[in-house]
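Some notes on the structure that comes next.
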Amino acid sequence: MTTIVTKVEVERTADEVFAYVTDPNHFPEWQAGVTGGHLEGGEPVVGAKCLTTRKIGGRERDVTSRLTVFDPPRSWAVRGEDGPIRATVNVTVEPIAGRDASTLTIDLDFEGHGIGKVLVPLIVVPQSRKEMPANLARLKTNLES
């Protein structure tokens, strides 16, 4: 697996950045290809299911992940549970001393199952490397506007 690490500095407090970046309802606002998202049960607790709808190959598909880390306003992580392509996402938010600003780091990794073993290195990783800087630029714009 190849981890994609993307960072951005945001002129908002760690609490504000964490609340926005970890709320699946906001995913469509800043993530390319995401058309919907929510936490099953609504509460962000370790073990909760994160349900995301993504446009993949021209069709909408539901993706299920499990919340594995929830430590506000510092870290959050999910791990994909189904489908041929399963993402592991680790989010870290660090306050910048002396400012109402934060550094957001997202580590993204993929595991292929079945046909996903071929798709991950050939399509998914290159596409994600291209999309992540634009995703974080949108997130930054949304939070700072």
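Please treat every number below as a calculation from the coordinates, not as lab data. These numbers were taken from a predicted model, which means no experiment stands behind them. FYI the Cβ positions are ideal-geometry reconstructions off the backbone, even for glycines, and counts take in every protein chain you see.
Structure notes:
- Descending principal axes extents, the stretch 1-48, alpha-carbon based, whole Å: 31, 31, 22
- Overall, the ratio between the Cα radius of gyration of the stretch 42-145 and 2.2 N^0.38 Å, rounded to two decimals, is 1.18.
- Among the GluC sites (Glu not before Pro) within the stretch 1-101, those in coil by DSSP and having at most 16 neighbouring Cβ atoms inside 10 Å are Glu11, Glu40, Glu81.
- Integer Hz, Karplus 6.51/-1.76/1.60 couplings in order for the stretch 118-127, x for Gly and Pro: 8, 5, 4, x, 7, 10, 5, 5, x, 5
- Tensor-based shape of the stretch 9-81 (alpha-carbon gyration tensor, a/c under 1.5 rounded, otherwise prolate or oblate): oblate
- Projecting the Cα atoms of Ala14, Leu67, Ile56 onto the charge dipole of the stretch 1-91 (Cβ charges, centred on the Cα centre) puts Ile56 farthest toward the positive pole.
- Considering only Thr92, Leu122, Val45, and ranking their Cα positions along the charge dipole of the chain that arises from unit charges at the beta-carbon of Lys, Arg, Asp and Glu, the one farthest toward the positive end is Leu122.
- Calculated [θ] (222 nm, deg cm²/dmol) that DSSP helices of n ≥ 4 give over the chain, each run adding -39,500 (n - 2.57): -7000 deg cm²/dmol
- Note that the stretch 31-43 has calculated 3J(HN,Hα) couplings of 9, 4, x, 8, 10, x, x, 6, 8, 5, x, x, 9 Hz, one per residue in order, obtained from phi through the Karplus relation 6.51 cos²θ - 1.76 cosθ + 1.60 (θ = phi - 60°); glycine and proline are x.
- Nearest-0.05 FRET efficiency for Ala97 and Lys49, computed from C-beta distance (R0 41 Å): 0.70
- Assuming charge only on the beta carbon of Lys and Arg (+1) and of Asp and Glu (-1), the dipole of the chain about its Cα centre is about 600 debye to the nearest 20.
- Measuring between their Cα centroids, the stretch 99-126 and the stretch 28-67 lie 15 Å from each other.
- Environment charge at Val69 (Cβ cut-off 13 Å; Lys +1, Arg +1, Asp -1, Glu -1): +1
- Shown here for the stretch 10-107: trypsin sites (Lys or Arg not before Pro) in loop regions (DSSP other than H, G, I, E, B) with at most 16 other Cβ atoms within 10 Å, namely Arg74, Arg99.
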